[in-house]
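Trainee: Before I ask anything, here is the structure I am working with.
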Amino acid sequence: LRNFKFESIVELFEMLDVDTSGAINEEEFVDGLLNLSMSEFRNVSPEIFIILKLSRSLTRRQKEMVTEITEVFKEVHRLGAEREQSSSAGQHALPPSSSVA
């Protein structure tokens with residue numbers, strides 16, 4: 001692994017976290033280190049290594065964005081349901097009109 005330079009331990013973590021779950025299980029750890037060490041023998045260029053890092057980073061960011069959008073959608077749906085519920089409740093809760101003499 002001497003040919004690979006990581007700027008931080010976080011960068012190594014991101015390379016090993018194949019499923020972008022935010023955690024590394026034993027299989028990811030072992031497979032990741034084996035793949036990195038084997039890639040030294042296959043002469044993987046630093047450019048390809050950087051592309052892989054960027055790809056994983058983009059995948060992780062995409063998952064975060066999907067989660068955020070889903071939460072916003074749920075909140076909008078909830079607010080719409082509340083508004084509809086309060087509108088229909090307001091129509092039934094109005095007292096009948098009476099004339100004051």
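Read-outs: derived from the displayed coordinates by stated rules, not from any lab. All values derive from a computational prediction rather than experimental measurement. Neighbour counts are summed over all protein chains in view; Cβ atoms, including those assigned to glycine, are modelled from backbone coordinates with ideal geometry.
Trainee: For Arg60, what is the net charge nearby, where nearby means another residue's Cβ is under 15 Å from its Cβ and Lys, Arg count +1, Asp, Glu -1? Display every interim value, and only then the final one.
Mentor: Working: positive: Lys53, Arg56, Arg61, Lys63; negative: Glu11, Glu14, Asp17, Asp19, Glu28, Glu64, Glu68.
So the environment of Arg60 carries a net charge of -3.
Trainee: Here is a follow-up. Which lysines, on any chain, are close to Lys5 with Cα under 30 Å apart, when same-chain ones fewer than 8 places away are left out?
Mentor: Counting by Cα, and skipping residues close in sequence, Lys5 has these lysines nearby: Lys53, Lys63.
Trainee: Residue by residue, what Karplus-based ³J(HN,Hα) values in Hz, rounded to whole numbers, does the range 12-18 have, using 6.51, -1.76 and 1.60 with θ = phi - 60° and x for Gly and Pro?
Mentor: So the J values, rounded to whole Hz, are 5, 4, 4, 5, 7, 7, 4.
Trainee: What distance in nm separates the two pseudo spin-label positions at Ser57 and Phe73, each 7 Å out from Cα along the beta-carbon direction?
Mentor: Those two pseudo-labels are separated by 2.8 nm.
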